Structure formats: structure tokens, C-alpha cells
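The values are calculated or read from the model by the stated rules, or taken from the named source; none is laboratory data. These figures come from a predicted structure and were not determined experimentally. Using ideal geometry, Cβ is built from the backbone for each residue, glycine included, and neighbour counts are taken over all protein chains shown. Accessible surface areas use protein heavy atoms only, side chains included; no ligands, DNA or RNA. Shrake-Rupley method; radii C 1.70, N 1.55, O 1.52, S 1.80 Å.
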Amino acid sequence: MGAGCSSAAPDPAAVAQGAEVDTVAGPQPGYVYLSYHRADTGDQRGEGGDGAAGRIRDWLTSKGYVVLMGERDDDADGGKKGVMGELLDRLQAAGVMPAPNAVDGAAAAAAAGRTSAYTSDVEWCFQPGPEDPKEEDYAVVKCYTRQLQEIVDRLSLTVRPTVLDLGGETFSGDLPQLMLADAAAAAALSAAGSPATGGTLLLSRPHVTLRNGCIKLRQDQEFRILSPGIVLDQISVVTELRQAGARASRKKLSTTGAAGGGGGAGGGIDNGDGAGGVVGYGAVYEMGRAMVVMAAGAVGLRAFNCQFTNHGPHLALWLASGATAAFHECQLAACTLANSSMHVGLAVGGGCRVRADKCMVSGNQTGVSIYAGATVELVGCESTSNTLAGVEVREPGTTLTAIDCKLSQNSQSGLLVAQGGSARMTSCGAGGNRTHGVLVRGEGSFAALRQVTLSYNQQAGLLVNGAAKVDLVNCEAIGNKMCALIVWGAGTQAVAQDCRFNTNVQAGMAVKDGGRCELTRCAVRGNKLPSEVAGAGSWLGTRQCVMDEKPVVARGGAVQELLPEGKGGKGGKK
């Protein structure tokens, strides 16, 4: 069976215990269950699927449906294309769902209320572009000396599209200092830091593929890419371990990015304002050093089955000045950013665009930092065990789209959205983080969560403050050591539909000091404390909700029961 529909989702816990499922009158969201044939799987490279099931899921989600992906149904009737592929063809032939590339990707994304072109063509960024040479036009050159200087020499002689085959060997050694030919080159370079003092492996020739090998850098060396059409295929880039001796002290950063003091790791809620020993996020990108730098003309880079392991006191991977890149797990192993414990694993800024599929980011300071108007799409990725946030999105115009991702076991929040950034998460999980699952703070900051699970975080499942806004649909926050949802401060707003805030150690939710929250068809059950609405201007509106305890109202807060949709309209009062 390919798909099934329902007007409401039963409570799994109630069904398991044989209890009667709560139902409410009035319009309900449409729930769509998708199972799929092997040919429909999203792993196009591994099993030859066409990704149709994923595209149908994202299109239905953009139309307001709640989509539940089931297990793959290998017994489903479906030809070479698969049952979801056939359904996709019919939807497109009828003009109901846009065909891939039928409209501009950005316009389609805006029409669907999303920042990702994932719904148009899931494989767009992993295919050669229209300006890339054909495969037969590439010259294949084998490197064999295990010296980085050989790669430098061969790149300097490259006049046509070239594949440099490293033969599975590790290349290391001295590198030349990067010499700037003119002022224009200096300006292009400055956006991604000054050249490394120990030498640069510069890739400035277009349409070069590095294949099958390891590039081992000293901590004062770098790999810098400044040209279009580069492919990294089964390449490992690693910095050498720090030599024995005194280790430089790590200064904490204030919220302004200046080096300085800061309180100890005191108690209380981490609300992301820099107080209570919280390390700020501003200055790490100005340090001017990275193991791998992509800038200026580095457009359309593709990395398959690569590993970036940084032991140095700098960024692992830095994109700036409009660079674009796509990272993809080829069947056997993931692209990995690991052990950049002193700084950010992946920094994306300067209007850059990155797409990462099935990648792992771990052991860094912040796992992925997105800023300065960059756009990042993460599909099936994990960011875990980082010393700050798993993913950070900041500044106006900066957008994150995350689908089927896990942000877990980070020492601060799984996701931080701040300073006017925006994020959209679908079918993701943020659990086991040392502070919050998701933290959204600051005026202009926005997060839209669809089918996201926020579980077992050491503080709140979701904290919204500083006039930020969030929108949740069919999300679940369970087992968090504080509240499932905290809406804190004047101008801060949260809207939740069909969500479950259950079995948290403290309250299901707290609306404080002027925050406003509207719940529709939500369940707040089994929490150890009643929900709280406290402080002048604080407001909680509920519509067709199930709450096992009435919220505690204090210090000028207000709770209001709203009319069902269709009986007085959205926001109607009883």
C-alpha cells in the first residue's frame, strides 16, 4: 500500500493502554501515511531510487498535511520507477504538483514557505552543472611521491580538466607560501582570512577532481579552494596532532565577541543572553584561520565520502564570499567533521550555500555555524557531542532547512537561532543536550518546527525569548528536565498545533514576563508541575486542548479559552 489518510492522529500511549482516545469536534489536520517501494527510497546512489517518496512528503508538508513516513514496503506493487514515482508522475501530469525545474527553485521555495529547493530536485547539487566538462574530457594524473609539493606542482601545470588520483596514499610535507598576484586577489582572499604562515595548498584551477587519498596538514598549513567545479572524491583532510608542550589557554568569549571573562557555570536557565557563564558566539569567525577554506570563485564544489578531521586551534571548514558546496555520503561512509574542539566545525557565511546529505558533525566547539546571509540545507545529518550548540543560525537573511536530522548530546542547545536568523526543521530530533533542545532568541529570529521531537534535554525542550517567534506543528516534547516549552519576554510569541508536551520533569509549559502562546489541539499531560502563566502581559490561549491540570496564573498573566476553528474564526473567544 502506497499511502493512507486520516483526519486525526490517535494518541499512541492511549492506544497501547487500551484507553479511549480523546477526540475533538471541528476541522482536523490531514494525516498522510506513506510507505514506499525500494525504487522510491531517498538513497538514490545506494539503491537506485528516485527520491519520489521524499519529494511527495515535502510537498504535502508544505500544503499543511502531517506526513508520517512508514517502513519501506518491498512487497508493494511498483515497476522500475516505484509506486511513489508513479504517483509523482500523475500529480505532475495533472498540474497539481510542480515538476522539477518547472519553476525557479527560489520562487518555488518561497511559494511553499520553505528555504530549500529540496522539493524541486533532491539531487540537483550532486550532479555536474551545465558548464562542467564531460567525464571523457578529464585527464587522469596519478600522484605517487606522498609529498604535498607534488600536488602543488601538478596543479600549476594543469591546463585542462584533470583528475589527480592520490592512489590511497597520505600526502604531507612542506607547502609554499601563498603569494598574492594583485590587489583583486588580495581582496578576494581577505574575506576568508589571511594565508596560513606555514604554507597553502592552493586549488585555483577550475574543474579539478582530487580522488582517493589523504592530505595531512601541519597546524600552520591550510587547504584553500578558490575555483569552480571542484570535486573531492574519497578524500581525507586532517591536521597533525598538537605537539607536546604547553597548550594555549582558551579564553571565553563575551556576547560581543570580545575576549574576556565571564561568570562560572552557575545554575539557572541558559537563556542564551551570555549570562551565567554562557560563552558567546561572535568572534570565532574573525580568527582568520581554517584547515580548509572555500572562498571567492569556489562555486559548485562537490564532496563524496570525504572526511575532515581537524586537531588544530581553528575552524575545520570555512565557506565565505559566496562559495557553494554539496557534501554527500556515498554508500559506505559519511562526510565527517570531527575533533575541531577549539573552534567551529563548519562555518558558512558571506552569502554562501551548502547542502549536506547524511553527514556527521561531532566533537567541535559549535558543530555548524551559519551567518551573514548564508543558506544551508541539512538532510539526514547528525550534529552531536559539540561543546557549544549543535547548529547555530544567526543574523538576518541567514536560513537553515533541516530534514531528518538529529541534534543530540551537545553541551549547549541542539539548535540555536539568534540575531534575526531563521530555521525550518522537519522530521528532526533534538535530544539529550546539556541545555535546551532548541533555543530561539532575539527580535526577528524565527523557527518553524514540523514533526520534531524535543526529548530528554537537561533544560527546556524549546526556549523562546527576546521577542523571537516560533511555529510548531505535530511536535513532541517529552522527558525534558525543565519545561517542554518556555515563552519568555515581551514580544515573544509561540504558536503550536497538534503538539504533545508530556511527562516533563517540571511543567508542560511556561509563559513568562509578557510572552504570548497559542495552542490548538495540543495535549499537556503527565508533567510533574502545572503549567504557569506569570508576569504582566503574559497570555496563553488554548483551543480544543487537553490539559490534565489548569495552568497557574500569577502576577498579571492571563489564560483564555478560544473558540474552535470554524466557530468564530481563528483567535475567536468563548
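Taking the condition of being small (Gly, Ala, Ser) and open to solvent by 30 Å² or more (accessible area, probe 1.4 Å), how many residues in the stretch 396-407 meet it?
Residues meeting the conditions: 1.
Among the residues of the stretch 410-441, write down those that are charged (D, E, K, R) and in a strand (DSSP E or B).
Once the filter is applied, which keeps residues that are charged (D, E, K, R) and in a strand (DSSP E or B), the stretch 410-441 yields 424, 441.
If I filter the stretch 232-244 down to residues being out of contact with any His (no Cβ under 8 Å at 6 or more places or on another chain) and either open to solvent by less than 10 Å² (accessible area, probe 1.4 Å) or not in a loop (DSSP other than H, G, I, E, B) (or both), which single residue comes out as nearest to residue 290 (Cα to Cα)?
Here the answer is 237.
Residues checked against (1) open to solvent by 60 Å² or more (accessible area, probe 1.4 Å); (2) under 16 Å from residue 235 (Cβ atoms); (3) assigned to a strand (DSSP E or B); (4) modelled with pLDDT of 85 or more:
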residue: 154; (1), (2), (3), (4): yes, yes, no, yes
residue: 167; (1), (2), (3), (4): no, yes, no, yes
residue: 189; (1), (2), (3), (4): no, no, no, no
residue: 193; (1), (2), (3), (4): no, no, no, no
residue: 210; (1), (2), (3), (4): no, yes, yes, yes
residue: 215; (1), (2), (3), (4): no, yes, yes, yes
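Which one of 401, 366 is part of a loop (DSSP other than H, G, I, E, B), touching a residue at least 60 places away in the same chain (Cβ under 8 Å) and either among the charged types (D, E, K, R) or touching a Phe, Trp or Tyr at 6+ places or on another chain (Cβ under 8 Å) (or both)?
Being part of a loop (DSSP other than H, G, I, E, B), touching a residue at least 60 places away in the same chain (Cβ under 8 Å) and either among the charged types (D, E, K, R) or touching a Phe, Trp or Tyr at 6+ places or on another chain (Cβ under 8 Å) (or both) holds for just one of 401, 366, which is 366.
Return a yes/no flag: does the stretch 529-540 have any residue that is in contact with a strand residue (DSSP E or B) (Cβ under 8 Å, 6 or more places away or on another chain) and touching a residue at least 60 places away in the same chain (Cβ under 8 Å).
no
In this structure, is residue 392 part of a loop (DSSP other than H, G, I, E, B) and within 27 Å of residue 514 (Cβ to Cβ)?
no
What number of residues within the stretch 217-231 are buried (at least 21 other Cβ atoms within 10 Å of the Cβ) and of a type in the set (S, T, N, Q)?
Of the residues in that region, 1 qualify.
Quick one: is residue 514 at positive phi and either within 27 Å of the chain's Cα centre (by Cα) or at pLDDT below 95 (or both)?
no
Can you tell which of 452, 393 is open to solvent by less than 10 Å² (accessible area, probe 1.4 Å), among the hydrophobic types (A, V, I, L, M, F, W, C) and under 21 Å from residue 352 (Cβ atoms)?
393
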